[in-house]
1. Relative contact order for segment 59-133 using alpha-carbon pairs under 8 Å, separation at least 6, rounded to a whole percent?
2. Note down the nm distance, to one decimal, between modelled labels 7 Å out along Cα→Cβ at Glu124 and at Asp156.
3. Between Arg273 and Glu105, what length comes free when the chain is fully extended (0.36 nm per residue of separation minus the Cα-Cα distance, one decimal in nm)?
4. Rounded to the nearest Å, what's the spacing between the alpha carbon centres of segment 147-177 and segment 207-270? Just the number, please.
5. Give, in nm to one decimal, the length gained when the segment between Asp89 and Trp134 is fully stretched (0.36 nm per residue of separation minus the Cα-Cα distance).
6. Enter the mean projected area of the convex hull around the alpha-carbon atoms of segment 59-133, in nm², rounded to one decimal.
7. Could you give the size of the charge dipole of segment 160-290 about its Cα centre, using +1 on the Cβ of each K and R and -1 on the Cβ of each D and E, expressed in debye and rounded to the nearest 20?
8. Counting Lys and Arg as +1 and Asp and Glu as -1, each charge on the Cβ, what is the dipole of segment 59-133 about the Cα centre in debye, to the nearest 20?
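What follows is calculated from the coordinates using simple rules that are stated; it is not laboratory data. Predicted model only: the values in this text are computed from it and were never measured. Ideal geometry is used to build each Cβ from the backbone, glycine not excepted, and the neighbour counts take in all protein chains shown.
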Amino acid sequence: MGASPLGSWNDGPARRAIVAYVTSTADERSPDFVPPADRIAVFDNDGTLWVEKPAPVQTGFVLGKLAERVAADPALAREQPYRALAERDESFLRALDAQEPDAVESMVRAVGAAWEGTPFGAYEAQAARYLASWRHERFGVPATGLVYRPMLELFDYLRAHGWRLFVCSGGGRDFMRVICEDTWGLPRENVIGSAPEFAWRDGTLVRRATPHGPIALGPGKPEYVLARTGRLPRLAAGNDDVDVEMLRSAPFALLVVHDDAEREYAYTDGAARAQSAARRYGWTTVSVKHDWKTVLTPPHTQEEPSAPGQ
């Protein structure tokens, strides 16, 4: 692993807490030892593994599809979320960005209906075309350039100590699976969360409008982790209020705090409950500004001077 397995992390309390926990859970002599089968680490995606502002990567893909539906059937504009999109209702869009349950549920219903009957392969092809052309409006990079370099290093560090890694997101599971192997080095089966039911029709699997289980927000997240792994995580990482239950389900929790407007974005919307819970339960907080030497992945890295002693 070398002398500095987390090279993009400053030597502060967050890095030291991670190293202490991971090394102790791999040491059979330690009271914190965790058997390899139980070394489950789960991560939120938007805002935890990659940049989520000014809107998550998937947003344009979804809104473009819904716009196509309204164009084909203008009567849809009388109901949510189509009405909010047609009227450019900023309050609804803010609620959606903050992942408020009512806004998200209306969007999930619309998304389910929009792709109902679409073959599995056709949906993936649409997502791949969108991702190939999409660029971030501020950084000008594709989605793969928005991944936080320190989190990829954390992935490598955990793998080196026998951990299995999962991503659990309220965003579309099948959308993330299109790029998870190239972006995070995770197999598709390790990306879990919000997804539709599928049906076998005429020799192929097609998407149904019905969600497969709860939306992966709040308590839905640990439900998905348990269903997929048969275990609750021993390490969890998130960044906002809809991650609280997942973070509480793990003995070691990381909360990413976005406080660096120069290299990324500084914001607290949708994270007040999570930050309060972090103080209450003693979670490890990760400051983008103070704990990360580098934010984005190469070749789009943005460097700052190392902390003393680095």
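1. On the way: 31 pairs, mean separation 22.9, N = 75.
So the answer I get is 31 percent.
2. Rounded to a tenth, the inter-label distance reads 2.8 nm.
3. Values: separation 168, 0.36 × 168 = 60.48 nm, distance 2.03 nm.
Here the segment from Arg273 to Glu105 would lengthen by 58.4 nm.
4. If you average the Cα positions of each part, the centres end up 12 Å apart.
5. Values: separation 45, 0.36 × 45 = 16.20 nm, distance 2.38 nm.
Additional length available on full extension: 13.8 nm.
6. Working: hull surface 21.3 nm².
Result: 5.3 nm².
7. Values: 17 positive and 16 negative charges, 104 e Å.
Result for segment 160-290 is approximately 500 debye, rounded to the nearest 20.
8. Details: 8 positive and 12 negative charges, 46 e Å.
With Lys and Arg at +1 and Asp and Glu at -1, about 220 debye.
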